[in-house]
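Reading through the structure tokens given below for one structure.
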Amino acid sequence: MDSQSIVAPGLSAKTRSEFLTELRNTTPGKPLDLLVIGGGITGAGLALEAASRGLTTVLIEKRDFGSGTSSRSTKLIHGGLRYLEHYDFALVREGLLERAAIFEMAPHVAHPFPFIIPIYKSRSRNYDRPILVRAGLILYDLLAGRYGIRRHHRISRDEALARAPQLDSEGLQGAYVYYDGRTNDSRLVIDTIKTAHRYGARIVNYASVQSFFGAPQLDGALIRDEFTGELIRVHARSIINATGVWMNETRALAGPLPETDRQLRPSKGIHLTVPAERLKVESAWLIPALGEHRFYFVVPWEDRVNIGTTDTDFTGDKDSPGALASEISQILDAINTFFPSADLTMNDVISAWAGLRPLISSGNSQVSSTAVSRKEEIFEDSDGLISLAGGKLTTFRLMAERGVDTALRRLSISPKSKPSQGRRLRLAGSGAVPSQTERETLADTTGISKAVLDHLIEAYGSEYQAVLEILSEKEEYRQQLARDLPVIAAEV
């Protein structure tokens, strides 16, 4: 079913109140089919997958949707070029297929984008030897198969400098161009949640799990309304924990974890945002980190440039990871080495932000977090609680399919009897949008700038009209909230 054909009221404080009433009315004799805990991209995907397969589904999130890792990613949709180094061909192939699926599901917030790897005479200046880079790109294209965007190719030294005039020209021999995707990660979460709602899922934020009940199999959870403090017993036949780096804290609410359990290993990645006029790049670039066998992505983003990411073990407060001054300097040093005339300093950093990856480790601390697989794992505890961790933004749809399949089997329902719609799903906002010519006329008609209209269409896709409708309510809703950003009050 095309999500655009589904009619449902928008999410609001009113619908949240209605959904809480429905939760209060669950009973042992009338439970939900599925309770999903966690409103990041994994939980959002699970809610959409379950609701679109006919399960009565509720998603709860203790804060804002996507407020954790899912709004702090590198904002890429990719197969994972560097995973080829670890011979993880199946994971790369899986990521490339899901990359294509997201382009189909959400063309308004996920787009193909060119990525460039500079090639220098000096081996120390390259991420790896050019011949290995070339071999990796050939394999990357082959693994994508018919789902590839465009085959990689080499460009000359002059072409590389034209795309990044601040790039160090000394010893530069050219560059390789390959193709992956770029996305608005937090909007992807919201549009997935909106689509899940349109399929019938109940969505509640600022609701946290306090405990579970039921033995030997869980029958539900005690939920706290974070606004009022009210405790609500929610009865559910199946529960999936999609809380990411908080997975084990959530599992522990049901009892001690098994001693043989595989370890959750949070890894912190920080990013910087700098002005586009200070770092002039037309495409995304892969720049080697200094002293590490990894690279940073330099990605144009909404008239700014995002740079990242690091990959280090994290043991601090999971609710508030931050970027250290030393980490910021580490990234700036690498960028200035390859873009010397940019000469970025701390004063150029508009924002420094950090997210935590919920990696699953065997417990060997000698293995760097960079080398830990990004493959997701599903944990099934003896009390029936299902937990998902690992994985990455690109594979959220497939993770959700596998998670719901697991829940169905625990409910003694064959997944084949409630088949996944897979890539046939279309997210809210994925409908047709005005052409550039039509936008000129629309901007004149509505009295807003073309830049603001472009922003609304890029952020909301075909649902940009909902924001335009608000403009007529009050003149101040047209107000631009920041001088150099096309964000207007109507969005709020």
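Filtering the range 28-50 to residues that are open to solvent by 10 Å² or more (accessible area, probe 1.4 Å), assigned to a loop (DSSP other than H, G, I, E, B) and in contact (Cβ under 8 Å) with a residue 40 or more places away in the chain leaves 28, 31, 33, 40.
For the range 145-163, taking the residues that are over 31 Å from the mean Cα position of the chain (by Cα) and closer than 18 Å to residue 133 by Cα, the one that is surrounded by the most Cβ atoms within 10 Å (Cβ to Cβ) is identified as 157. Among the conditions (1) over 24 Å from the mean Cα position of the chain (by Cα); (2) modelled with pLDDT under 95, the only one that residue 375 does not satisfy is (1).
Check whether at least one residue in the range 239-259 is among the polar types (S, T, N, Q) and over 17 Å from residue 356 (Cβ atoms), and report yes or no. Scanning the range 239-259, I find no residue that is among the polar types (S, T, N, Q) and over 17 Å from residue 356 (Cβ atoms), so the answer is no.
Within the range 93-127, if we keep just the residues that are outside any helix (DSSP H, G or I) and of a type in the set (Gly, Ala, Ser), the residue that is surrounded by the fewest Cβ atoms within 10 Å (Cβ to Cβ) turns out to be 122. Restricting 148, 171, 136 to residues that are modelled with pLDDT of 95 or more and within 15 Å of residue 339 (Cα to Cα) narrows the list to 171. How many of the residues making up the range 354-371 are open to solvent by 40 Å² or more (accessible area, probe 1.4 Å) and either modelled with pLDDT of 90 or more or among the hydrophobic types (A, V, I, L, M, F, W, C) (or both)? Final tally of qualifying residues: 3. Considered as a group, the residues in the range 56-79 that are under 26 Å from residue 235 (Cα atoms) and touching a Ser or Thr at 6+ places or on another chain (Cβ under 6 Å) include one that is least open to solvent (accessible area, probe 1.4 Å), and that residue is 66.
Within the range 128-140, the set of residues being in a helix (DSSP H, G or I) and over 26 Å from residue 184 (Cβ atoms) comprises 130, 131, 132, 133, 134, 135, 136, 137, 138, 139. Filtering the range 250-271 to residues that are in a strand (DSSP E or B) and either in contact with a helix residue (DSSP H, G or I) (Cβ under 6 Å, 6 or more places away or on another chain) or open to solvent by 20 Å² or more (accessible area, probe 1.4 Å) (or both) leaves 263, 264, 265, 266, 267, 270.
The values are calculated or read from the model by the stated rules, or taken from the named source; none is laboratory data. Here the structure is a predicted model, which is why all the values come from computation and not from measurement. Cβ: placed from backbone, ideal geometry, glycine included. Neighbour counts: every protein chain shown. Note: areas computed on protein heavy atoms with side chains; ligands, DNA, RNA excluded. Shrake-Rupley method; radii C 1.70, N 1.55, O 1.52, S 1.80 Å.
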